[in-house]
C-alpha cells in the first residue's frame with residue numbers, strides 16, 4: 001500500500017465546496033486504479049487529506065484527478081500547493 005498526506009491552509013472555500021460535493025469527489029477518486037481509501041479532515045480553514053492506494057501509481061493518478069477536478073470545478077477558489085508526504089505503508093490497522 002502507498003499513502004499520501006496533504007495539508008492545505010487558508011482553504012475555507014475549498015472545504016465548503018468539497019463538503020457540498022462529496023458524491024462527486026467520492027466517484028472521482030473511488031473509481032481510480034488501486035484505490036483503497038480517502039479521508040478529508042478539516043480544522044477551521046485548514047484541510048488535510050489522506051489517500052491510500054495499492055501502489056504509488058494509483059496515488060499519483062488520484063492526485064492528478066483531484067488537481068484537475070479542482071481546476072475545472074473551483075473557479076475562483078485559490079488553492080496553494082500543499083505540504084505533502086507520501087510513502088509505503090508498513091503498519092496497517094483497521095477494524
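Quick note: the coordinates plus some simple rules give every number you see, no bench work behind them. Computed from a predicted model, the values in this text were never measured in an experiment. Neighbour counts run over all protein chains shown; Cβ positions are idealised from the backbone, glycine included.
Summary table
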quantity: Burial order of peptide ranges 74-82, 87-95 (average beta-carbon count within 10 Å, highest first); calculated: 74-82, 87-95
quantity: [x] 218; [y] 85; [z] 103, with the label sought being that of the calculated volume of the Cα convex hull per residue in Å³; calculated: [z]
quantity: Distance between region 79-95 and region 1-32 - C-alpha centres, whole angstrom; calculated: 14 Å
quantity: Average Cα contact separation per residue, the chain, under 8 Å, 6 or more apart, as relative contact order %; calculated: 45 percent
